[in-house]
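Everything below concerns the one structure shown next.
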Amino acid sequence: SEVPEEGTVSAYSFDARTGQLKLLNSMLTGGSIACHVSLTRNERTLAVANYGGSVALFQLSAEGKLSQRSDLQLAESLGVGVNKERQEGPHPHMAHFDAANKHLLVPDLGLDRVMTYQVQGERNLRLRGHMAVAPGSGPRHLVFHPTLSVVYVLNELLSTVIACHYDASSGELLPTDPVETVPGAEGQTEAAAIRISGDGKFLYVSNRGHDSITVLRVLEDGLVEHLEPVALCSTSVDDGRMVAQWPPRECPRDFALCCKDQYLIVGNQNSDSLVVLERNPELGTLSKIGVSVSCSA
């Protein structure tokens, strides 16, 4: 739960037949403004990013219940960053395990760093190092390439994507040059979410303010200098102008690829809507199919 006081994380059981959720239990996260959760592939360990400045690790029972908080790492304070309103302190925005469950990567919007923690015995975290990004970038989320040793870091405040070589043995990230998600955009726009297609050929980024989904092509080596902007598809329910506006009209805060990547569903926070876009698997492009539904944010 994303609240100013100490947050909570909850476990639910899911009935696939009825679509019903049942609360199993909840625990305090140890920090404020809990904003992201991540599971190891064996589903025994859960990580929580607390935007207020910490990362927590939880152990799960065989039934999926939260059994205990086994570790809590407090982020380092480096003072006020370039963006004084958003970078007044550390702000872990995501906690993402690698495929081997050996490392936990944490983009910190406030520190302009992506932190790497070693996961020890599935119970504890040890800080291994960090990758610094350009001052004022505000790293928010990241995604792993499905087959290559490449990680794509999304920077919220500068609306850029950085492709990084990933060393799975050490957890080290080596960045390449950033690519803008909305080149030449006029007005304020901030990147929000990033996903990659199952075949690893296309990246998708949502842009708040510009209210769009950017499509980026990934070439065979996966490096960011080879990303080519393919298309910008407006998430607006009505076909409005593609001009940045703040506060955003739609605010596409998150989205998901579904049905074997055939569709992309966008959650627009400010317009309280879910919009369905159809995806061309060969070109990676997105198109509206006239399907949307009201949904309170």
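Take Val119 and decide whether it is in contact (Cβ under 8 Å) with a residue 60 or more places away in the chain, touching a Cys at 6+ places or on another chain (Cβ under 8 Å), β-branched (Val, Ile, Thr) and over 22 Å from Arg253 (Cα atoms). The answer is no for Val119.
Under 8 Å between Cβ atoms, at least 6 apart or on separate chains: pull out the pairs that start in the stretch 275-297 with a residue that is at positive phi and end on any residue that is among the basic types (Lys, Arg). Close Cβ pairs satisfying both conditions: Gly284/Lys201; Gly284/Arg217.
Tell me which strands (runs of 3 or more DSSP E) are completely within the stretch 11-65 and hold 3 or more residues being without any contact (Cβ under 8 Å) to a residue 40 or more places away in the chain and either buried (at least 19 other Cβ atoms within 10 Å of the Cβ) or of a type outside the set (D, E, K, R) (or both), or say none if there are none. It would help to see each step written out before you state the result.
Details: elements: 20-32, 34-39, 45-50, 54-60.
Here the list reads 20-32.
Of all the numbered requirements in (1) open to solvent by 20 Å² or more (accessible area, probe 1.4 Å); (2) at pLDDT 95 or above; (3) aromatic (Phe, Trp, Tyr), Phe255 misses one, and that requirement is (1). Select from the stretch 143-163 the residues that are outside any loop (DSSP other than H, G, I, E, B) and crowded, with 22+ Cβ neighbours inside 10 Å and list them in ascending order. Result: Val150, Val151, Tyr152, Val153, Leu154, Asn155, Thr160, Val161, Ile162, Ala163. Restricting attention to the stretch 164-193, the residues being modelled with pLDDT of 95 or more, among the hydrophobic types (A, V, I, L, M, F, W, C) and touching a strand residue (DSSP E or B) at 6+ places or on another chain (Cβ under 6 Å) number 6. Within the stretch 120-144, which residues are at negative phi, out of contact with any Phe, Trp or Tyr (no Cβ under 7 Å at 6 or more places or on another chain) and not polar (S, T, N, Q)? Listed by number, the residues that qualify are Arg123, His130, Met131, Ala132, Val133, Ala134, Pro135, Pro139, Arg140, His141, Phe144.
The values are calculated or read from the model by the stated rules, or taken from the named source; none is laboratory data. Quick caveat: nothing in here was measured; it's all calculated off a predicted structure. Cβ atoms come from the backbone with ideal geometry, glycine included; neighbour counts cover every protein chain shown. SASA here: full protein model, heavy atoms, side chains in, ligands and nucleic acids out. Shrake-Rupley method; radii C 1.70, N 1.55, O 1.52, S 1.80 Å.
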